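The structure appears right after this line, and notes come after that.
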Amino acid sequence: FLSWAQAWLAYAGTHSDEIGIPTPDLGELDTKITAFQAVLNAHTAAANIAQAARQTKDDSRDDLEEWLRAASQRVQVFPGTSDANRAGLGITVRDGEPSPTPVGEVRPLVSVDAGQRWRHLIRWRDDESGRRAKPAGAVGCEIWVKVGEPPADPSELRFLGVEGRSRLVAEYNGEDGGKTAHYMLRYLTSRGTRGPWSETVSAVIQN
C-alpha cells in the first residue's frame with residue numbers, strides 16, 4: 001500500500017494539470033504518506049520484537065513441558081506412588097479394570113431363509129447403519145432359538161452359538177419338520193456385555 005501511495009504521488013506530481021490535482025493537495029498527500037511511513041516502521045519493529053518474544057516463550061514452554069513429562073513418567077512407575085499422589089499432581093490415574101466395550105442400543109435386524117429342507121439360513125444386520133458388518137465394539141452376535149410355540153421369555157430359548165459373520169445355518173432333524181423355529185439375536189462384546197434383543201423372527205422348518 002505504501003509503495004502504491006508513493007508511486008501515486010510521484011505520477012501526480014508530474015501530471016497535476018492533466019489530472020486536476022493542485023500542488024497544495026499534493027503537499028498534503030506527501031505529509032500523510034510521511035506520517036503513515038513512520039507509524040508503519042514503528043509497527044513493523046514492534047511486530048518483530050513481539051515475534052521474537054513469542055519464540056522465546058514457546059522455547060521456554062517446550063523446555064518446561066519436557067521436564068514435567070519426564071518427571072511424571074518417573075512418578076507413574078515409582079513403587080510408592082499412590083493414585084492419591086497422581087491425582088494431587090494432576091497426572092493420569094490409571095484405571096485398574098478396563099471399561100466394558102459398549103454396544104449401545106444397536107439391535108440385529110434378522111431375516112431367515114427357510115427354502116431348504118430341515119435347514120434355516122439366518123442373516124442379520126444392525127438396525128442403526130443397516131450394514132451387515134459388526135457394530136463398533138461387538139465381537140459377534142448371539143443366536144438363540146425355540147422350536148414350537150413362540151417364546152414367552154428369553155429363558156425358554158436354546159443357544160445356537162456366537163457368529164461374527166452376519167450369517168448362520170441352523171440344521172434340524174426329521175422330527176422338527178413342520179414345526180416353527182423362533183429366533184432372537186443380540187450383539188456380544190469382547191468384555192461379555194450384550195446389546196438389546198432383536199425382534200422375534202419365525203420360520204417353518206420344511207420337511
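What follows draws every value from the coordinates through simple rules; no lab data is involved. Just so it is clear, the model here is predicted, and its values are computed rather than measured. Heads up, the Cβs are rebuilt from the backbone with ideal geometry, glycines too, and the neighbour counts pull from every protein chain shown.
The table that follows gives values for the structure above.
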item	result
Highest to lowest packing among 1-7, 135-141, scored as the average C-beta count within 10 Å	135-141, 1-7
Computed [θ] at 222 nm, helices only, for the chain once each DSSP H run of length n ≥ 4 contributes -39500 (n - 2.57)	-13000 deg cm²/dmol
Test item: Cα-centred dipole of the chain, Lys/Arg +1 and Asp/Glu -1 on Cβ, debye	1320 debye
Spatially proximal lysines relative to K32 (Cα-Cα < 26 Å; intrachain offsets below 8 disregarded)	none
Positive dipole terminus of the chain, leading residue within A35, P79, A50 (C-beta point charges)	P79
For Cα extents along the principal axes in Å, calculated from these coordinates, the label among (i) 114, 66, 24; (ii) 53, 39, 26; (iii) 66, 43, 29	(i)
Translational diffusion of region 1-106, µm² s⁻¹ [Kirkwood Rh, Cα pairs; Stokes-Einstein; 4 °C; 1.567 mPa s]	62 µm²/s
Linear extension gain, S190 paired with K57, 0.36 nm per residue minus alpha-carbon span	43.2 nm
Cα-centre dipole for region 113-207 with unit charges at Cβ (Lys and Arg positive, Asp and Glu negative), debye to 20	440 debye
Within region 162-184, backbone nitrogen closer than 16 Å to the virtual label 7 Å beyond the Cα of V139 toward Cβ	162-166
Residues N207 and S155, FRET efficiency given R0 of 45 Å [Cβ-Cβ distance, rounded to 0.05]	0.95
Candidate lysines - alpha carbon under 23 Å from K179, same-chain residues fewer than 8 apart omitted	K146
Cβ crowding within 10 Å averaged over residues, with 107-120, 37-50, 178-191 ranked highest first	178-191, 107-120, 37-50
Net dipole in debye of region 35-134 [+1 Lys, Arg Cβ; -1 Asp, Glu Cβ; about Cα centre; nearest 20]	700 debye
For region 10-25, Karplus couplings with θ = phi - 60° (6.51, -1.76, 1.60), whole Hz, Gly/Pro x	5, 5, 5, x, 9, 9, 4, 5, 5, 9, x, 10, x, 4, x, 5
At R0 = 22 Å, FRET efficiency that the Cβ-Cβ distance of V39 and A7 yields, to 0.05	0.65
